[in-house]
Amino acid sequence: MLEAKLNIDNTYVRVDGVDTQKWQKLVDMLAELFNAASADIVEYKGDHFNVLTTSDNDENFLEPGSGWSWNTKTFCKYIVEKKQSIYVRDAQNDQHWKDAPFVVAGSVCSYFGEPILWPNGDVFGSFCVIDNKPTNYSNKLKKVLSQLKYIIESDLQHCCTMQELALVTAEKNNSLQQVAHEKEKRDEVQHQLYSQEAIVSATLNVLVDAVIRIDERGTILAINSQTELMFGFCEKELIGQNVNCLMPKAYKENHDSYISNHLHSGIKKIIGTGRDVEAQRKDGSIFPIRLSVSKIEIEGGIQFIGLIEDITEKVEYENKLREFALYDSLTKCANRNLLAQRFEYFIASARRNNKEFTIGYIDLNKFKPLNDTYGHKCGDDVLVEVGKRLRGYIRDTDLVARVGGDEFVILFADPVTEPRASQMLKDCIELPIQYNSQELHISASVGFSTYPEDGTSMDALLEKADKRMYLNKDEN
């Protein structure tokens with residue numbers, strides 16, 4: 001049972017009506033969304049703090065019912081004193097917080113929390129996420145915690161309202177005037193209850209994520225407005241439909257069996273875990289999402305709540321990072337990192353199949369004078385065009401990499417005939433290049449080395465091909 005002091009009249013309110021399972025699901029969802037070690041609802045008790053609800057994940061160092069003294073330097077104390085939120089990204093390197101006991105102990109490195117308020121404005125406690133590593137939460141993510149906090153405050157309002165309703169009922173008498181007055185108060189209390197339900201509904205509707213509630217057959221029971229925006233369906237089109245209408249064909253066929261298997265075996269393949277999957281909009285377009293599903297047991301059966309985040313921007317950003325790590329940003333050819341990775345694959349394949357492969361080293365002749373004469377923009381355009389031509393020349397099994405300012409390397413999956421390959425590469429490169437109504441002519445020198453005859457490591461083969469390329473340059 002929850003009990004807290006309301007300073008306005010120095011009395012206590014028993015928070016009997018709180019659905020503690022709902023609060024548990026809130027902190028579990030929060031920990032998963034923030035990928036945090038702990039998500040918590042902490043109650044302020046005057047001379048100490050008490051952990052009411054804490055997330056059920058392996059990294060969590062807090063236990064329900066644990067607490068600490070008011071005199072302990074903590075983030076929760078700051079929230080109660082200031083009545084405002086606090087976000088410390090890296091407390092261990094923060095001059096003000098690095099000496100706090102939980103920080104010194106190593107349990108807390110990052111903290112983000114907001115005050116939970118009673119209806120009269122007093123502080124009930126804090127709603128927070130804690131991590132044992134530095135964090136950098138986006139404003140969009142922090143807004144989720146703020147919005148979910150209103151659900152907790154709505155529950156507190158409900159408890160106060162219910163207690164007031166009980167007092168009104170207990171104090172009624174036979175006076176007609178009093179009866180009329182009590183009816184008016186009951187109507188007001190009932191109106192407040194409806195208002196709180198509307199607040200919860202509105203909170204779900206402004207969440208940055210889509211929220212979908214389904215039954216154990218997969219039938220959609222309720223959605224929030226963000227679901228309509230994300231998927232392009234209106235509420236009437238979705239209610240009563242199977243949730244697999246929002247899934248690509250590959251996921252559609254397995255979804256209902258996942259739910260059925262979970263209900264019969266208890267195995268959590270999707271339920272209770274977060275995973276990255278694909279979803280499908282009304283127009284048929286497919287996009288990546290982060291899906292978190294929670295199970296709730298209510299009177300009359302089992303339901304599931306899905307929290308859906310559109311991670312298109314995140315995936316695109318990760319793809320750009322991957323491209324930056326493996327490809328030359330100017331020419332879009334492979335860089336040395338990808339060259340080294342592909343070389344290891346070529347080596348393993350050659351050893352396994354007892355075969356050879358060839359490396360070609362290409363250097364553009366007199367590239368510096370061209371750069372100096374026409375400028376770096378012209379030089380860059382020439383490199384881009386050469387890279388495009390080389391990629392068009394090779395097979396899908398080969399690889400073109402830019403390894404220097406005007407130097408390229410080609411990994412040929414099979415041995416090549418050097419004179420013929422050299423001439424074909426030169427012919428490919430030496431075609432005129434148009435630049436600002438001018439026709440530029442550029443030539444190249446090429447050298448080759450073959451595995452395993454000329455070496456068994458990438459450095460050895462590149463060195464051999466480089467030397468032969470310079471010999472050919474001198475001869476020309």
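The values are calculated or read from the model by the stated rules, or taken from the named source; none is laboratory data. The structure displayed is predicted, hence computed values, not measured ones. Backbone-built Cβ (ideal geometry, glycine too); neighbour counts: all protein chains shown.
Mind checking which pairs have a first residue in the range 443-461 that is free of Cβ contacts under 8 Å to residues at least 12 places away in the same chain and a second that is among the polar types (S, T, N, Q) and surrounded by 17 or more Cβ atoms within 10 Å (Cβ to Cβ), Cβ under 9 Å, 6 or more apart or different chains?
Gly455/Ser449; Ala460/Ser449
Considering only the range 349-364, state which residues are surrounded by fewer than 12 Cβ atoms within 10 Å (Cβ to Cβ) and closer than 15 Å to Thr450 by Cα. Quick ask: steps written out before the conclusion?
Going through the range 349-364, the residues surrounded by fewer than 12 Cβ atoms within 10 Å (Cβ to Cβ) turn out to be 352-354.
Asn354 - this is the single residue of the range 349-364 that is surrounded by fewer than 12 Cβ atoms within 10 Å (Cβ to Cβ) and closer than 15 Å to Thr450 by Cα.
Residues in the range 388-399: is at least one in a strand (DSSP E or B) and assigned by TED's automatic domain parsing to the domain that holds Ser349? Before the answer, list the steps.
Step one: of the range 388-399, the residues in a strand (DSSP E or B) are 399.
Next, only the ones that are assigned by TED's automatic domain parsing to the domain that holds Ser349 stay: 399.
Yes, there is a match, as at least one residue in the range 388-399 is in a strand (DSSP E or B) and assigned by TED's automatic domain parsing to the domain that holds Ser349.
Answer yes or no as to whether Ala444 is in contact with a strand residue (DSSP E or B) (Cβ under 6 Å, 6 or more places away or on another chain) and surrounded by 11 or more Cβ atoms within 10 Å (Cβ to Cβ). I'd like the intermediate steps shown before the answer.
Details: in contact with a strand residue (DSSP E or B) (Cβ under 6 Å, 6 or more places away or on another chain): yes; surrounded by 11 or more Cβ atoms within 10 Å (Cβ to Cβ): yes.
Yes, satisfied.
Any residue at all in the range 331-342 that's in the same structural domain as Leu461 (by TED's automatic domain parsing), part of a loop (DSSP other than H, G, I, E, B) and of a type in the set (A, V, I, L, M, F, W, C)? Show your work before the answer.
Within the range 331-342, the subset in the same structural domain as Leu461 (by TED's automatic domain parsing) is 331-342.
Now restrict to residues that are part of a loop (DSSP other than H, G, I, E, B): 331-333, 335.
When the remaining residues are screened for being of a type in the set (A, V, I, L, M, F, W, C), the result is 333.
For the range 331-342, residues in the same structural domain as Leu461 (by TED's automatic domain parsing), part of a loop (DSSP other than H, G, I, E, B) and of a type in the set (A, V, I, L, M, F, W, C): present.
Filter the range 222-274 for residues that are surrounded by 13 or more Cβ atoms within 10 Å (Cβ to Cβ), out of contact with any strand residue (DSSP E or B) (no Cβ under 7 Å at 6 or more places or on another chain), of a type in the set (D, E, K, R) and at pLDDT 65 or above and give the result.
Glu228, Glu237, Lys252
Can you name every one of the strands (runs of 3 or more DSSP E) wholly within the range 36-147 that holds 3 or more residues which are surrounded by fewer than 20 Cβ atoms within 10 Å (Cβ to Cβ)?
Of the strands (runs of 3 or more DSSP E) lying wholly inside the range 36-147, those with at least 3 residues that are surrounded by fewer than 20 Cβ atoms within 10 Å (Cβ to Cβ) span 48-54, 67-69.
Tell me the residue from Glu309, Glu297 that is at pLDDT below 90, closer than 19 Å to Glu228 by Cβ and assigned by TED's automatic domain parsing to the domain that holds Asp215, please. Don't jump to the end; show me each part of the working.
Details: Glu297 fails: closer than 19 Å to Glu228 by Cβ.
On inspection, the qualifying residue turns out to be Glu309.
Out of curiosity, is Ile289 buried (at least 17 other Cβ atoms within 10 Å of the Cβ), at pLDDT 80 or above, of a type in the set (A, V, I, L, M) and assigned to a helix (DSSP H, G or I)?
The answer is no for Ile289.
Return the only residue of Glu164, Glu153 being part of a helix (DSSP H, G or I), acidic (Asp, Glu) and either within 30 Å of Ala36 (Cβ to Cβ) or modelled with pLDDT of 85 or more (or both).
Numbers: Glu164 fails: either within 30 Å of Ala36 (Cβ to Cβ) or modelled with pLDDT of 85 or more (or both).
Matching residue, one of Glu164, Glu153: Glu153.
Residues in the range 313-344 that are more than 28 Å from the chain's Cα centre (by Cα) and small (Gly, Ala, Ser): how many? I'd like the intermediate steps shown before the answer.
Residues of the range 313-344 more than 28 Å from the chain's Cα centre (by Cα): 330-331, 333, 336, 339-340, 342-344.
Now restrict to residues that are small (Gly, Ala, Ser): 340.
Of the residues in the range 313-344, 1 are more than 28 Å from the chain's Cα centre (by Cα) and small (Gly, Ala, Ser).
Checking Val400 against (1) among the β-branched types (Val, Ile, Thr); (2) over 21 Å from Asn337 (Cβ atoms); (3) in contact with a Cys (Cβ under 8 Å, 6 or more places away or on another chain), which single condition isn't satisfied?
(2)
Given (1) hydrophobic (A, V, I, L, M, F, W, C); (2) out of contact with any Gly (no Cβ under 8 Å at 6 or more places or on another chain); (3) assigned to a helix (DSSP H, G or I), identify the lone condition not met by Ala421.
(2)
Yes or no, residue by residue, for (1) within 23 Å of Phe412 (Cα to Cα); (2) in contact with a helix residue (DSSP H, G or I) (Cβ under 8 Å, 6 or more places away or on another chain); (3) in the same structural domain as Val382 (by TED's automatic domain parsing):
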| site | (1), (2), (3) |
| --- | --- |
| Ile429 | yes, yes, yes |
| Ile433 | no, yes, yes |
| Ile442 | no, yes, yes |
| Val446 | yes, yes, yes |
| Tyr451 | yes, yes, yes |
| Ser457 | yes, no, yes |
| Leu462 | yes, no, yes |
| Lys467 | yes, no, yes |
| Leu471 | yes, no, yes |
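Which residue pairs have Cβ atoms under 8 Å apart, sit 6 or more places apart or on different chains, and have a first residue in the range 104-118 that is under 18 Å from Val80 (Cα atoms) and a second that is among the basic types (Lys, Arg) and crowded, with 17+ Cβ neighbours inside 10 Å?
Going by the 8 Å Cβ cut-off, the qualifying pairs are Glu114/Lys149; Ile116/Lys149.
So which of Phe324, Phe343 ends up being at pLDDT 90 or above and of a type outside the set (Gly, Ala, Ser)?
Numbers: Phe324 fails: at pLDDT 90 or above.
Phe343 is the lone residue from the list that is at pLDDT 90 or above and of a type outside the set (Gly, Ala, Ser).
Just checking, which of Gly375, Gly284 is at positive phi and outside the structural domain of Met469 (by TED's automatic domain parsing)? Reasoning before the result, please.
On the way: Gly375 fails: outside the structural domain of Met469 (by TED's automatic domain parsing).
That would be Gly284, the only listed residue that is at positive phi and outside the structural domain of Met469 (by TED's automatic domain parsing).
Give the residues of the range 424-445 that are of a type in the set (D, E, K, R) and assigned to a helix (DSSP H, G or I), sorted by residue number.
Selection gives Lys426, Asp427.
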